[in-house]
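As structure tokens, the structure follows; a few thoughts come after it.
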Amino acid sequence: MVDSVRAEMWDGLATRLGGEIVVLEPLEARHEEGLWAACQDPRTRTWTIPRGKSPGHFQAWFRATLAACEAGEECAFATLDRATGRPIGGTGYHALREAHRGLEIGGTWLEPSAWGTGANSETKLLMLEHAFERHGCIRVEFKTDARNERSRAALEALPAQFEGIFRRHMIIEDVGVRDSAFYSVTDQDWPTVRISLQQRIDATRA
């Protein structure tokens, strides 16, 4: 019964989310070639799994992610450039806690050409809006490598609430043992975060 409820909630989360800069599409096999091209710059994997390190690494990551989505364990998206329809990165919902109306947004990455364009801010806006306003979440979590200053600065700019460091939290190939910095946005924070994100998006398009 729990698995059935989880699958139903994931199905509701897995829908196309469209903005002015990016479109998030539930991950499908047709995204594979474009995402492989998007993750070739080594900067896309400095602090995370080495998905672009080799075709083998990418295929293992892509197939495992698709399988997790099909099993109802996560809900992954391909991030597309709105103007061209070209894949420029990815993101996803993880760690669904249906009884407590919470989840995690993670696995977010963009090719460097999309940095500073508002793509990351709009991705967060679309995903948080979907979670809070359509699915009744009261808490959304984020985690990142404690050394990843770029990611942490982006989360603090939302603004998400820093909640501490989980020491020696994960082991990641090519990164090693990782301390993870945890952040959150609650339903009470969301109105302020929404305004902040929209202002940041507008600033990049001015």
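The values are calculated or read from the model by the stated rules, or taken from the named source; none is laboratory data. None of the values given here were measured: they were computed from a predicted structure. Every residue, glycine among them, receives a Cβ derived from its backbone with ideal geometry; neighbour counts consider all protein chains shown.
Just one of (1) more than 15 Å from SER184 (Cβ to Cβ); (2) in contact (Cβ under 8 Å) with a residue 12 or more places away in the chain; (3) small (Gly, Ala, Ser) trips up ALA154, so point out which.
(1)
Among PHE166, PHE62, which is hydrophobic (A, V, I, L, M, F, W, C), surrounded by fewer than 21 Cβ atoms within 10 Å (Cβ to Cβ) and farther than 28 Å from ASP187 by Cα? Give the steps one after another, and end with the answer.
Details: PHE166 fails: farther than 28 Å from ASP187 by Cα.
Of PHE166, PHE62, the one residue that is hydrophobic (A, V, I, L, M, F, W, C), surrounded by fewer than 21 Cβ atoms within 10 Å (Cβ to Cβ) and farther than 28 Å from ASP187 by Cα is PHE62.
Just to be sure, is ILE201 in contact (Cβ under 8 Å) with a residue 40 or more places away in the chain and either out of contact with any Cys (no Cβ under 9 Å at 6 or more places or on another chain) or within 29 Å of LYS53 (Cβ to Cβ) (or both)? Don't jump to the end; show me each part of the working.
On the way: in contact (Cβ under 8 Å) with a residue 40 or more places away in the chain: yes; either out of contact with any Cys (no Cβ under 9 Å at 6 or more places or on another chain) or within 29 Å of LYS53 (Cβ to Cβ) (or both): yes.
Here the answer is yes, as ILE201 does meet what is asked.
Scan ILE49, ILE88 and give me the residue that is in contact with a strand residue (DSSP E or B) (Cβ under 9 Å, 6 or more places away or on another chain), β-branched (Val, Ile, Thr) and not in a loop (DSSP other than H, G, I, E, B).
Details: ILE49 fails: not in a loop (DSSP other than H, G, I, E, B).
Of ILE49, ILE88, the one residue that is in contact with a strand residue (DSSP E or B) (Cβ under 9 Å, 6 or more places away or on another chain), β-branched (Val, Ile, Thr) and not in a loop (DSSP other than H, G, I, E, B) is ILE88.
Spot the failing condition for ALA146; the list is (1) in contact with a helix residue (DSSP H, G or I) (Cβ under 9 Å, 6 or more places away or on another chain); (2) at pLDDT below 95, and only one is missed.
Here ALA146 clears every test but (2).
Of the residues that sit in region 175-198 and are among the β-branched types (Val, Ile, Thr) and under 15 Å from LEU103 (Cα atoms), which one is surrounded by the most Cβ atoms within 10 Å (Cβ to Cβ)? Don't jump to the end; show me each part of the working.
Step one: filter region 175-198 for residues among the β-branched types (Val, Ile, Thr), giving 175, 177, 185-186, 192-193, 195.
When the remaining residues are screened for being under 15 Å from LEU103 (Cα atoms), the result is 185-186.
Working: VAL185: 25, THR186: 16.
Top of the filtered list is VAL185.
Starting from residues that are surrounded by fewer than 22 Cβ atoms within 10 Å (Cβ to Cβ), of a type in the set (Asp, Glu) and touching a residue at least 40 places away in the same chain (Cβ under 8 Å), keep the ones in region 92-132 and report whichever is farthest from TRP36 (Cα to Cα).
GLU98
Yes or no: region 6-19 includes at least one residue that is free of Cβ contacts under 8 Å to residues at least 12 places away in the same chain and among the aliphatic types (A, V, I, L, M).
No: zero hits.
If you scan region 157-192, which residues turn out to be of a type in the set (D, E, K, R) and either touching a Leu at 6+ places or on another chain (Cβ under 9 Å) or within 23 Å of GLY136 (Cα to Cα) (or both)?
Filtering region 157-192 down to residues of a type in the set (D, E, K, R) leaves 163, 167-168, 173-174, 178-179, 187, 189.
Listed by number, the residues that qualify are GLU163, ASP187, ASP189.
Could you pull out the residue among ILE138, ILE201, ILE172 that is surrounded by 13 or more Cβ atoms within 10 Å (Cβ to Cβ), among the aliphatic types (A, V, I, L, M) and closer than 19 Å to GLY19 by Cβ? Even if it seems obvious, please write down each step before you answer.
Numbers: ILE138 fails: closer than 19 Å to GLY19 by Cβ; ILE172 fails: closer than 19 Å to GLY19 by Cβ.
Within the list ILE138, ILE201, ILE172, the selection yields ILE201.
What's the total number of residues in region 15-34 that are in a loop (DSSP other than H, G, I, E, B) and buried (at least 17 other Cβ atoms within 10 Å of the Cβ)?
Step one: of region 15-34, the residues in a loop (DSSP other than H, G, I, E, B) are 15-16, 19-21, 27-28.
Narrowing further to those that are buried (at least 17 other Cβ atoms within 10 Å of the Cβ): 19, 21, 27.
So the count comes out to 3.
Filter region 67-91 down to residues that are within 22 Å of THR144 (Cα to Cα) and hydrophobic (A, V, I, L, M, F, W, C) and give me whichever is surrounded by the fewest Cβ atoms within 10 Å (Cβ to Cβ). First the steps, then the outcome.
Narrowing region 67-91 to residues within 22 Å of THR144 (Cα to Cα): 68-69, 73-79, 88-91.
Then keep just the ones that are hydrophobic (A, V, I, L, M, F, W, C); that gives 68-69, 75-78, 88.
Numbers: ALA68: 16, CYS69: 20, CYS75: 23, ALA76: 23, PHE77: 28, ALA78: 22, ILE88: 26.
Selected residue: ALA68.
For region 35-58, give me each residue that is buried (at least 16 other Cβ atoms within 10 Å of the Cβ) and small (Gly, Ala, Ser).
ALA38, GLY52
When you check VAL185 against the structure, is it among the β-branched types (Val, Ile, Thr), under 20 Å from LEU110 (Cβ atoms) and in a strand (DSSP E or B), yes or no?
On the way: among the β-branched types (Val, Ile, Thr): yes; under 20 Å from LEU110 (Cβ atoms): yes; in a strand (DSSP E or B): yes.
It is true that VAL185 is among the β-branched types (Val, Ile, Thr), under 20 Å from LEU110 (Cβ atoms) and in a strand (DSSP E or B).
Which residue out of THR84, THR79, THR46 is polar (S, T, N, Q), at negative phi, under 17 Å from the mean Cα position of the chain (by Cα) and at pLDDT 95 or above? Quick ask: steps written out before the conclusion?
On the way: THR84 fails: under 17 Å from the mean Cα position of the chain (by Cα); THR46 fails: at pLDDT 95 or above.
Answer to the check: THR79.
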